[in-house]
Amino acid sequence: MKFAIIKERKNPPDRRVVFSPSKLAKAREKYPEATFKVEASDIRVFSDEEYIDAGFEVTNNVSDCDVMIGVKEVPIDALIPNKKYFFFSHTIKKQSYNRKLLQAILEKNIELYDHETIVSDKGFRLIGFGRYAGIVGAYNGFRAWGLKYNSWNLPKAGPLPNQAALIKELNNIELPNIKILLTGSGKVSNGSKEMLDAMNIKSVSVENYLNNTFDEPVYCKIDVLDYNKRLDGTEATDVFDFFNYPEKYESDFMRFAKVTNYYIAGHFYGDGAPYLYTRNDVKSSDFNIKVVADISCDVDGPVATTLRASTIADPIYGYDPQTESEVDYKNEKAITVMAVDNLPCELPQDASEGFGDMFLKHVIPAFFNNDKDGILKRAKITGNGKLTERFSYLQDYIEEK
């Protein structure tokens, strides 16, 4: 079996890679019967020379390989027919902008495996960049606070080499006695929590957060049953009741918004769930949040201040609660919003190292153990020029012009 680490060709350029040289060397050591080639790239965070020094062939032609492993969408004209491809295709939610890509994948008889569809038998995602989105998102939020209030001037995350460098910068700032709220329970929120803990910010309980004042900055990490309540007034104790019957719930987020200064949105938002806060909520004099780092970045959705995704080049904008429109983030009426939707790109080295660990643990073995855990079977979107049964719901999507 021949594997190729392919060049990223999407614009804007993405410097991440699924396998760093050191992680690829581990894969070769564990599976000596496999061949690993690296497609030459001038943008990758690890240079061609680093792969060559690790003993890998770097070439402009990987057409003799069986499995192509990348990060972002592969341009249609770069797709090689009759191969297996791994990348984030952004098609499984019927994204209109990638319909032609999926159509081309079928026409070229490609087996597509999306990183998002690599899941356990219980449906939990096994690999992803979520932790790194959380790390960079929390950092960017503190950077936004400093710019809004002229209290510090943190450098952008992208030019810094790794998480340790981000933490070092954060530990050079002097935080006021603010309350920081973090939503979520997965990899994203845990990545943000790593940063808050590395800054030695005190973690407090929901009760203390809501009812007490502090002479130091504090944070509170909450999950869905903390910021949602049942419509019938009964106490919610089962998180799966919320996931299965979100229509039976309403948001209880405003009790947190009254006392929060900086909000980090690291939650997953499910279809049909109540919005955390609405545009009307933000108009309330009780709404105290001044800076929002919306890592989840559901535009015009459950975090009402997120009008659009922002960019790494221009990550911050202001939201005027009364006009419900975008304004300068330094405007005294503005809530400052950071809503970059590709945050892991700002930490390419760490993100690549971590992603490679997960890919080596969960995916590569499936090629050599007859897919005994069903990893490839569950992840496979297309085969033999057709959608697989698991993804047959995409048929109407690919038939549209």
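The values are calculated or read from the model by the stated rules, or taken from the named source; none is laboratory data. Treat the numbers as computed from the prediction; the structure is a model and nothing was measured. Methodologically, a virtual Cβ is constructed for each residue, glycine included, from the backbone with ideal geometry; neighbour enumeration extends over all protein chains shown.
Find the residue count for the range 222-245, including only residues that are buried (at least 16 other Cβ atoms within 10 Å of the Cβ) and hydrophobic (A, V, I, L, M, F, W, C).
Qualifying residue count, the range 222-245: 5.
So in the range 344-374, with the set limited to residues that are of a type in the set (Gly, Ala, Ser) and out of contact with any Phe, Trp or Tyr (no Cβ under 8 Å at 6 or more places or on another chain), which one is surrounded by the most Cβ atoms within 10 Å (Cβ to Cβ)? Spell out how you get there, then give the answer.
Going residue by residue through the range 344-374, those that are of a type in the set (Gly, Ala, Ser) are 351-352, 354, 356, 366, 374.
Filter again for out of contact with any Phe, Trp or Tyr (no Cβ under 8 Å at 6 or more places or on another chain), leaving 366, 374.
Numbers: Ala366: 18, Gly374: 12.
Restricting to residues being of a type in the set (Gly, Ala, Ser) and out of contact with any Phe, Trp or Tyr (no Cβ under 8 Å at 6 or more places or on another chain), the top hit is Ala366.
For the range 167-191, enumerate the residues that are of a type in the set (S, T, N, Q) and assigned to a helix (DSSP H, G or I).
Within the range 167-191, the first condition is being of a type in the set (S, T, N, Q), and the residues that meet it are 171-172, 177, 183, 185, 189-190.
Matches in the range 167-191: Ser189, Asn190.
Looking at Gly270 and the list (1) surrounded by 13 or more Cβ atoms within 10 Å (Cβ to Cβ); (2) under 25 Å from Ile289 (Cβ atoms), which single condition is not satisfied?
(1)
Only one of (1) among the aromatic types (Phe, Trp, Tyr); (2) surrounded by 14 or more Cβ atoms within 10 Å (Cβ to Cβ); (3) part of a loop (DSSP other than H, G, I, E, B); (4) over 19 Å from the mean Cα position of the chain (by Cα) fails for Tyr219. Which number is that?
(3)
Which of (1) modelled with pLDDT of 95 or more; (2) in contact with a Leu (Cβ under 8 Å, 6 or more places away or on another chain); (3) within 13 Å of Ile381 (Cβ to Cβ) does Lys94 not meet, given it meets every other one?
Checking Lys94 against (1) modelled with pLDDT of 95 or more; (2) in contact with a Leu (Cβ under 8 Å, 6 or more places away or on another chain); (3) within 13 Å of Ile381 (Cβ to Cβ), the one that fails is (1).
Could you please let me know if Glu400 is under 30 Å from Leu175 (Cα atoms) and modelled with pLDDT under 95? Explain how you work it out, then say what you get.
Working: under 30 Å from Leu175 (Cα atoms): no; modelled with pLDDT under 95: yes.
So Glu400 does not fit the description; no.
Could you pull out the residue among Asp357, Asp371, Asp350, Asp281 that is part of a helix (DSSP H, G or I) and under 30 Å from Pro81 (Cα atoms)?
Details: Asp371 fails: part of a helix (DSSP H, G or I); Asp350 fails: under 30 Å from Pro81 (Cα atoms); Asp281 fails: under 30 Å from Pro81 (Cα atoms).
Being part of a helix (DSSP H, G or I) and under 30 Å from Pro81 (Cα atoms) holds for just one of Asp357, Asp371, Asp350, Asp281, which is Asp357.
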